[in-house]
1. All but one of (1) under 26 Å from A69 (Cα atoms); (2) open to solvent by less than 20 Å² (accessible area, probe 1.4 Å); (3) in a loop (DSSP other than H, G, I, E, B) hold for P121, so report the exception by its number.
2. Out of the residues in the range 159-175 that are open to solvent by 20 Å² or more (accessible area, probe 1.4 Å) and touching a helix residue (DSSP H, G or I) at 6+ places or on another chain (Cβ under 7 Å), state the one that is farthest from ligand 1 (Cβ to nearest atom).
3. Take the conditions among the small types (G, A, S), on the phi > 0 side of the Ramachandran plot, without any contact (Cβ under 8 Å) to a residue 60 or more places away in the chain and open to solvent by 30 Å² or more (accessible area, probe 1.4 Å) and apply them to A9. Does it pass?
4. Would you mind stating whether L107 is among the aliphatic types (A, V, I, L, M), open to solvent by 10 Å² or more (accessible area, probe 1.4 Å) and touching a residue at least 40 places away in the same chain (Cβ under 8 Å)?
5. Filter the range 139-158 down to residues that are open to solvent by 30 Å² or more (accessible area, probe 1.4 Å) and farther than 30 Å from T343 by Cβ and give me whichever is nearest to ligand 1 (Cβ to nearest atom).
6. (1) in contact (Cβ under 8 Å) with a residue 24 or more places away in the chain; (2) within 24 Å of G383 (Cβ to Cβ): which one isn't true of I122, the others all being true?
7. Out of everything in the range 250-277 that is assigned to a loop (DSSP other than H, G, I, E, B) and over 29 Å from P45 (Cα atoms), what residue ends up being least open to solvent (accessible area, probe 1.4 Å)?
8. Can you report the number of residues in the range 81-116 which are near ligand 1 (Cβ under 6 Å from one of its atoms) and more than 15 Å from M167 (Cβ to Cβ)?
Amino acid sequence: NRQPADLTAEFRAIFAAEPAALVRAPGRVNLIGEHTDYNDGFVLPMAIENDVRIALRPRSDRRVTLASADFDQQTTFGLDNLGHDDGSARWSNYVRGVAWAMMEKGLPIQGMDAVISGNVPIGAGLSSSAAMEVASAWAFQVASGFRMDPIDMALLCQKAENAWVGMRCGIMDQFISVVGQRDHCVLIDCRSLTYDAAPLPRGYSFVIVNSMVQRGLVDSAYNERRSQCEEGVRLLQRRLPGIKALRDVTPEQLDAFASILPPVTYRRCRHVVTENARVVSSVAALKAGRAAEFGQFMNASHDSLRDDYQVSRSELDTLVDIARATPGCLGSRLTGAGFGGCTVSLVQSKAVEAFVSHVSESYRRATGLTPDTYVSRAAAGAGQSYFTVLR
Ligand code: ADP
Ligand code: MG
């Protein structure tokens, strides 16, 4: 992991000047609330200590020069003729997209020289892309001397990812990267975009384990699940004319009208409706300091994703089964869209070291794959930074 001196030294070496500011934006892990975002529901992510950092200096000629310390590449563009990079510096599209979205919004954005470096693992499901966007938004606002509303910043970064990068995603990743709080997770209402921090239990850690299998099916399956949810809403509206999304349906209502839904649609809806209820109950458990109960909700979430929503796969189920059988583990589930990526487990802090080695070894024996693991406290959201030493 790169330390601050590296980024400053890198900036000096490339631009022969001191950076005027250092900004950072974190990756995230979702603790519970999966496939609820596009159903106007609730999610409960926390920001992690892995982040993307930018050292910058404003420029007055409307040009942006970016250097990637991690990819060892540079690219330059003008704010008045932004284009996509389809060649060697594709990572710059996250910065270009944010600049584009800011200008669309009429913000008085300035050029800058910037060096970018990060340690959010790429493509592991911890949202390095949102960290890139939010760090870029912070860099531009510092370089340009304006201050955005946090929710507007999250929406703008989501727009950059949807419309510039071309990746369909909900609001969670950018939102938590902006509003994360140290040692707290954040309940986000994906309909109203209101949020509420909840304290994480003392003496416990969240352990993220990368299954090292890719999310092959994810695009087509994701779109199919979304359509099935929409179909469920359409059919349920015949009996429940007031509903706009599965967010508006209680588990009791869904049971009462189960017979009007095709069986598969019913199971998809049951995941979403019960998952929303679990998120709300999980927050109550956290606020009351009931860690074991939170772990039970995590387990129920995974089982529902596996059986009703059918977005798990054998490697993820294996990881979860191993984790749950390991001493000190209170709950374990897949996190992210599914079909690969990571699991997250709630583990007694004093048992974390043994947990990590036991899970890694057992998973390797079962699958032949060696998992990457991450243990992070909940981190603060994006901002201008004084760097801290990370593990
Ligand atoms: P993830 O699941 O990590 O969000 P994505 O494919 O959505 O995966 O985004 C990963 C992309 O974000 C990378 O291919 C790269 O273009 C960009 N990115 C992430 N981290 C960095 C970094 N440290 N420096 C430059 N670009 C980065
Ligand atoms: Mg991403």
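1. Among (1) under 26 Å from A69 (Cα atoms); (2) open to solvent by less than 20 Å² (accessible area, probe 1.4 Å); (3) in a loop (DSSP other than H, G, I, E, B), P121 violates only (2).
2. The first filter runs over the range 159-175 and keeps only residues open to solvent by 20 Å² or more (accessible area, probe 1.4 Å), leaving 159, 162-170, 173.
Those left that are additionally touching a helix residue (DSSP H, G or I) at 6+ places or on another chain (Cβ under 7 Å): 159, 164-165, 167-170, 173.
Working: K159: 15, W164: 12, V165: 8, M167: 6, R168: 11, C169: 8, G170: 13, D173: 7 Å.
Step by step, filter the range 159-175, then rank; the result is K159.
3. No; evaluated as a whole, the condition is false for this residue.
4. Numbers: among the aliphatic types (A, V, I, L, M): yes; open to solvent by 10 Å² or more (accessible area, probe 1.4 Å): yes; touching a residue at least 40 places away in the same chain (Cβ under 8 Å): yes.
Criteria met by L107.
5. The qualifying residue nearest to ligand 1 (Cβ to nearest atom) is V142.
6. (1)
7. Result: L261.
8. 1
The values are calculated or read from the model by the stated rules, or taken from the named source; none is laboratory data. All figures in this text were calculated on a predicted structure; none of them were measured in a lab. In this analysis, Cβ positions are derived from the backbone assuming ideal geometry, glycine residues included, and neighbour counts consider all displayed protein chains. Surface areas here come from the heavy atoms of the whole protein model, side chains and all, with no ligands, DNA or RNA. Shrake-Rupley method; radii C 1.70, N 1.55, O 1.52, S 1.80 Å.
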